[in-house]
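None of the figures in this text is laboratory data; all of them are computed from the coordinates on show. All figures in this text were calculated on a predicted structure; none of them were measured in a lab. Quick reminder, even Gly has a Cβ in these numbers, built from the backbone with ideal geometry, and neighbours come from all protein chains shown.
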Amino acid sequence: MSKILLINSPIRETQPPKNIPYGLSLIAAVLDELQHEVVLLDANAYRLTVDEIIEDIKDEDFDLIGLSGLVTTYKFQKELIPRMRMIFPESCIMSGGGCATSIPKEMLEWISGLDICVIGEGERTVLDVVIHLEDRDFSNVPGIVYRDRENQIIETQKRPLMTPEELDQLPYPALDMLPMEDVYFKNSSIALSYEALESKRRIDVISERGCPWGCTFCFHNVGGRKVRYQSPKYVVEMIKHFRFKYAIDFVTLVDENMLANKKRAIEFCDLYEEAGLVDVVKWGSTGHPNTIDPDILSRLKECGCTYLEIGGESADNRILKEIKKNTTVDKLQRALDLTLKAGINPVMNFMVGYEGEDLQSIYRTTKFWVKNGFQIFPFIITPYPGSELYYKNMDKILDQYDSKLENFILALGDATELTVNISNFSDPELLGLRDLMAKQDLVRIKRFAKEKNIELDDE
Ligand code: B12
């Protein structure tokens, strides 16, 4: 049996850690199931620095070290991996998650000491890698990019996506390896509904892989546009299990398309009710505006749903079309009205600074917030690696980072920051307009348009 260290990289360090590393705890669970000796170091939960991690692990010995993180953790992984390589010259060091999936070759090129990047779903890949730890021949492990003995970077064949049946056979994420009591339950509260705000023992659950929509700003770690779901039975049994084990009182179903499959959503509600969970474990989820349906909403409400996050992105039809959101402002409004009417809190996110953004689209979006009584601080559209926008705006990225792509990746963080400007506004204009939007200062937006000789349509 192998000795394996898994590390969850820190993200969003300005806020307390609120999200369990779901993917990594699944990796831990499949390894644990096969009796490997697994240690999960949650550097995000404890906000550990690279020095502290090195100090904690330096006297140990591991056959395999696996890091996990979104692309915004690149800087952390770049600092940590070479330091680990120095103390563990023989260990195999791999990375998985959003960073490894979106820039695998670049990571291997830019980070010395990194042996393998796992692309997409890692549950079966990690087991295949473990089998080859002795001979170090990874050429027949599908779904990876690795560094061979001659320092060549090699991509293996694609790994087929897991089927819904296979997803239903997965063990539950290894929450017992995470600091649930010390960290995650203490930070349960999220301001998305009254019940979510009041929750004391909340967990995230993700029961869906891939997404059918093709929004240009999005990238899918696990399965592109091919959507696969775990069965409602599996999901409800898992929630019930965690209710018994941890007395959880709230579940964030981070699935991006909870309502896209109506039959499944209704079956989930029926089983949730049968399991007696409705009054004890409230929940919230996410839905595309086009999938909001009044019949389903009332059933969701009856079965404990307290909020729905609905991607708004912009309240301008031209922009919605350009980013391939496949919806319209009327549909956004309808989704909002129906959700509110059903007694579920609608939560909408918006971004600013699209390629085609102009003062008219900014004005329209701000008016939409005023009309709906929203308080919004919009994200700045960021072309994260892997997304359509990333490839399309490569020239702008390189131009703004002195032709050094790695510097752009090193700078990535929260999309509240301006990392790269893909709009036609200058940086100060874009940041200023974002502030005017957040303050809902329609008068100043209009005044700015007038200075630029632009007549805003007030319809
Ligand atoms: C929950 C979530 C968050 C949580 C944090 C989650 C966490 N603890 O890591 C929060 C809310 C903090 C968050 C923040 C952000 N997020 Co987010 N988030 C998600 C979400 C909805 C679910 C992630 C998840 O658990 N997926 C399910 C599991 C099963 O998949 P997984 O984590 O990828 O893990 C699998 C594989 O990747 C692999 N794997 C993962 N780790 C490892 C490790 C090893 C060793 C191995 C072998 C394999 C492996 O195996 C796992 C099982 O198959 C995803 C969308 C999605 N549906 O995936 C976006 C997503 C990951 N987020 C994304 C983005 C862009 C962000 C933000 C930058 C957005 C923003 N507006 O600022 C911020 C980050 C801010 C910052 N400062 O860093 C992108 C990532 C893009 C990328 N290339 O990394 C995603 C994919 C959304 C999207 N569709 O574009 N996010």
Quiz item: Hey, what angle do you get for helix 329-341 against the long axis of the chain, alpha-carbon based, 0 to 90 degrees rounded to 10?
Solution: 80 degrees
Exercise. As a check on your grasp of the helix formula, calculate [θ] at 222 nm for the chain: sum -39500 (n - 2.57) over DSSP H runs of n ≥ 4, divide by the residue count, round to the nearest 500.
Key: -11000 deg cm²/dmol
Quiz item: Could you put 213, 283 in order, starting from the residue whose Cβ has the fewest other Cβ atoms within 10 Å?
Solution: 213, 283
Exercise. Among the GluC sites (Glu not before Pro) in segment 117-185, which ones are in a DSSP loop with at most 14 other Cβ atoms within 10 Å of the Cβ? Mind listing them?
Key: 134, 150
Quiz item: Lysine pairs in segment 353-459 with alpha-carbon atoms under 15 Å apart, 8 or more places apart or on different chains: how many are there?
Solution: 4
Exercise. Provide the per-residue ³J(HN,Hα) series for segment 244-257, in order, calculated from phi with Karplus coefficients 6.51, -1.76, 1.60 and θ = phi - 60°, each as a whole number of Hz, with x at glycine and proline positions.
Key: 5, 6, 10, 6, 4, 10, 7, 10, 9, 7, 6, 3, 7, 9
Exercise. Please work out the Cα center distance from segment 291-362 to segment 170-222, rounded to the nearest Å.
Key: 21 Å
Quiz prompt | Among 349, 217, 276 - extreme Cα towards positive end, dipole of the chain, charges at beta-carbon | solution = 349
Self-check item: Principal-axis tilt of helix 22-33 within the chain, Cα atoms, nearest 10 degrees
Solution: 30 degrees
Quiz item: Could you give the angle, 0 to 90 degrees to the nearest 10, between helix 262-274's Cα long axis and the longest principal axis of the Cα atoms of the chain?
Solution: 70 degrees
Quiz item: Using the 10 angstrom Cβ neighbour count as an exposure proxy, how do 36, 241, 288 rank, fewest first?
Solution: 241, 36, 288
Quiz prompt | Length-normalised contact order of segment 3-155 in % [C-alpha pairs under 8 Å, at least 6 apart] | solution = 21 percent
Quiz item: Can you sort 180, 94, 394 so the residue with the fewest Cβ neighbours within 10 Å comes first?
Solution: 394, 180, 94
Quiz prompt | For residue 347, distant residues with modelled amide H under 5 Å away | solution = 308, 309, 310
Quiz item: Is the chain best put as rounded, prolate or oblate by its Cα gyration tensor, with a ≥ b ≥ c the root eigenvalues, rounded for a/c under 1.5, and otherwise prolate when a/b is larger than b/c, oblate when not?
Solution: oblate
Quiz prompt | Relative contact order, percent, the chain [alpha-carbon distance under 8 Å, six or more residues apart] | solution = 12 percent
Quiz item: Charges only on Cβ, +1 for Lys and Arg, -1 for Asp and Glu: so what's the dipole of the chain about the Cα centre, in debye to the nearest 20?
Solution: 1500 debye
Quiz prompt | Candidate lysines for bridging to residue 200, where Cα separation is under 25 Å - those fewer than 8 sequence places away on the same chain excluded | solution = 18, 186, 240, 245, 282, 301
Quiz prompt | Cα-based shape type of segment 3-155, given that a ≥ b ≥ c are square roots of the gyration tensor eigenvalues and the cut on a/c is 1.5 | solution = rounded
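Tell me the trypsin sites (Lys or Arg not before Pro) within segment 324-379 that lie in a loop according to DSSP and have at most 15 other beta-carbon atoms within 10 Å.
When the trypsin sites (Lys or Arg not before Pro) of segment 324-379 are filtered for loop state and at most 15 Cβ neighbours within 10 Å, 324 remain.
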Exercise. Collect residues whose amide H, placed 1.01 Å from N in the peptide plane, falls under 5 Å from the amide H of residue 205; neighbours closer than 5 in sequence don't count.
Key: 252, 253, 254
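Only Lys, Arg, Asp and Glu count, each charged at its Cβ (+1, +1, -1, -1), so figure out the dipole size of segment 3-155 about its Cα centre, rounded to 20 debye.
640 debye
So for segment 188-451, averaging the separation of alpha carbon pairs under 8 Å that are six or more residues apart and normalising by length, what relative contact order in percent results?
16 percent
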